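The values are calculated or read from the model by the stated rules, or taken from the named source; none is laboratory data. The structure displayed is predicted, hence computed values, not measured ones. A quick note on method: Cβ atoms are made from the backbone with ideal geometry, for glycine too, and the neighbour counts reach across all protein chains shown. Accessible surface areas use protein heavy atoms only, side chains included; no ligands, DNA or RNA. Shrake-Rupley method; radii C 1.70, N 1.55, O 1.52, S 1.80 Å.
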2 protein chains.
Amino acid sequence: MARVVVDVMLKPEILDPQGQAVQRALPRLGFEGIADVRQGKRFEIELDGPADEAAVARIREAAETFLANTVIEDFTVRVEESS
Amino acid sequence: MARVVVDVMLKPEILDPQGQAVQRALPRLGFEGIADVRQGKRFEIELDGPADEAAVARIREAAETFLANTVIEDFTVRVEESS
């Protein structure tokens, strides 16, 4: 069984209030030296079969049409080594 | 400026309704062969300084105390090559 990871992040030009909240909270909690925080989503998708080119292409299509809103979000798809 | 990525996922034994919703929706949208989907959070943290051992240790502490709920979530911290 293969695992494909899809990371979905807001585009850099889109305001990220969740990330900003984390960024502002960290110094109050004693964590200094943080320039920026962006928060996004991570999907871990386990496939029935191997993560071949066709399977990854299908996942990429699913990410583009369904997992990410490509108007405001960027996504990356990568095959993860099975542990 | 260095980037550290913190991935936060629900522990395997914890029910993940968001991931299940995605898993059930995918076949209806024509994407077959998906065995499991888990959904989690991804934090991209930009540091003012280098991502040396001390900085990564600080981020790990922040992840443990603040970004993840370690009762129900696992997290990983890794330094990402700057592009």
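For B:Ala57, the conditions (1) open to solvent by less than 60 Å² (accessible area, probe 1.4 Å); (2) facing another protein chain (nearest Cβ under 10 Å); (3) over 19 Å from A:Arg42 (Cα atoms) all hold with the exception of (2). Residues that are among the hydroxyl-bearing types (Ser, Thr, Tyr) and surrounded by 12 or more Cβ atoms within 10 Å (Cβ to Cβ) were ranked within the stretch B:60-83; the one that is farthest from the other protein chains (Cβ to nearest Cβ) is B:Thr70.
The residues of the stretch B:45-54 that are under 22 Å from A:Met9 (Cα atoms) and at the interface with chain A (Cβ under 7 Å from one of its Cβ atoms), listed by number, are B:Ile45, B:Glu46, B:Leu47, B:Asp48.
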